[in-house]
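Colleague: Here it is, the structure in full.
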Amino acid sequence: MKLVLASQNQGKLREMQTILEDLGVEVVLQSQLGLALEVEETGTTFAENSLLKARAVMEASGLPAIADDSGLCVDWLNGAPGVYSARYGGVGSDEERYRLLLENLRGATNRAAHFHTAIVCCFPNGDVLQADGDCYGTVAYAPAGEGGFGYDPVFFVPELRRTFAQLTPEEKNAVSHRGKALRDFAVKLEEYMKEKGIHGTDK
């Protein structure tokens, strides 16, 4: 079975390929099918945004399509930046966004936060699968680490005593919101394939 990833992100593609290859599922970027869709994320939840992207790519390609939406939710800021994480404050770079976040938390007495990912897969027959994942931690007082992207330098994982940006890709995938959501999705997809009698491409 082939799934189309509603993204241009090679990193996301590699993560999905790694976790889904054991099911014999091939994952390709939408651009590999000649699609250059830019779906406006008008949803008010991560799941709504994922559904918008997956449905648009499924309709354009005629193939099952998968999308995810993720963000950082900070308790002190009533869940912000949330679904607006990638465009928080209207500033352009990852560093500008996380430094704005640190500024907005100046004097905060609670720095608890969590990352959330919602993955949605839409099938041409109308079926929809959804999986979610969370990773809980705190917002650091200053950035640390050179890895990762987005808010990773300021998201501190207490049990590991490091920020996301200080973890190896393997360490991050083991605890991250996206890693958890992907593993949950793999279980649901395997059950769906068995139920529908769908075989992987290598079976």
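Colleague: Can you tell me which residue in the stretch 151-189 is farthest from Phe123 (Cα to Cα), limited to those that are at pLDDT 95 or above, of a type in the set (D, E, K, R) and over 18 Å from the mean Cα position of the chain (by Cα)?
Modeller: Of everything passing the filter in the stretch 151-189, Arg161 is farthest from Phe123 (Cα to Cα).
Colleague: State all residues of the stretch 100-138 that are closer than 12 Å to Leu72 by Cβ, assigned to a strand (DSSP E or B) and among the hydrophobic types (A, V, I, L, M, F, W, C); if no residue qualifies, say none.
Modeller: Once the filter is applied, which keeps residues that are closer than 12 Å to Leu72 by Cβ, assigned to a strand (DSSP E or B) and among the hydrophobic types (A, V, I, L, M, F, W, C), the stretch 100-138 yields Ala112, Ala113, Phe115, Cys135.
Colleague: Considering only residues of the stretch 42-64 that are of a type outside the set (A, V, I, L, M, F, W, C) and part of a helix (DSSP H, G or I), which is surrounded by the fewest Cβ atoms within 10 Å (Cβ to Cβ)?
Modeller: Pass one, the stretch 42-64, residues of a type outside the set (A, V, I, L, M, F, W, C): 42-45, 48-50, 53, 55, 59, 61-62, 64.
In the following step, the residues that additionally are part of a helix (DSSP H, G or I) were identified as 48-50, 53, 55, 59, 61.
Values: Glu48: 16, Asn49: 23, Ser50: 28, Lys53: 27, Arg55: 17, Glu59: 12, Ser61: 20.
Among them, the one singled out is Glu59.
Colleague: Right, here's the next one. Report, by residue number, each residue of the stretch 131-147 that is surrounded by 12 or more Cβ atoms within 10 Å (Cβ to Cβ) and farther than 18 Å from Gly82 by Cβ. Outline the logic, then answer.
Modeller: In the first step, residues of the stretch 131-147 are kept if they are surrounded by 12 or more Cβ atoms within 10 Å (Cβ to Cβ); the result is 131-141, 143-145, 147.
Ala131, Ala140, Tyr141, Pro143, Ala144, Gly145, Gly147, listed by residue number.
Colleague: Go over the candidates Asp68, Asp94 one by one and state the one that is of a type outside the set (Gly, Ala, Ser) and within 30 Å of Gly197 (Cβ to Cβ).
Modeller: Numbers: Asp94 fails: within 30 Å of Gly197 (Cβ to Cβ).
Unique residue meeting the criteria: Asp68.
Colleague: Here's a follow-up. Go through the stretch 163-203 and report how many residues are assigned to a loop (DSSP other than H, G, I, E, B), in contact (Cβ under 8 Å) with a residue 60 or more places away in the chain and small (Gly, Ala, Ser).
Modeller: Within the stretch 163-203, residues that are assigned to a loop (DSSP other than H, G, I, E, B), in contact (Cβ under 8 Å) with a residue 60 or more places away in the chain and small (Gly, Ala, Ser) number 2.
Colleague: If you don't mind, there's one more thing I want to ask. Which number in (1) free of Cβ contacts under 8 Å to residues at least 60 places away in the same chain; (2) out of contact with any Lys or Arg (no Cβ under 9 Å at 6 or more places or on another chain); (3) crowded, with 17+ Cβ neighbours inside 10 Å marks the one condition that Asp69 misses?
Modeller: With respect to (1) free of Cβ contacts under 8 Å to residues at least 60 places away in the same chain; (2) out of contact with any Lys or Arg (no Cβ under 9 Å at 6 or more places or on another chain); (3) crowded, with 17+ Cβ neighbours inside 10 Å, Asp69 is out only on (2).
The values are calculated or read from the model by the stated rules, or taken from the named source; none is laboratory data. Bear in mind that the values here come from a model prediction, so they are computed numbers and not experimental data. Neighbour counts are summed over all protein chains in view; Cβ atoms, including those assigned to glycine, are modelled from backbone coordinates with ideal geometry.
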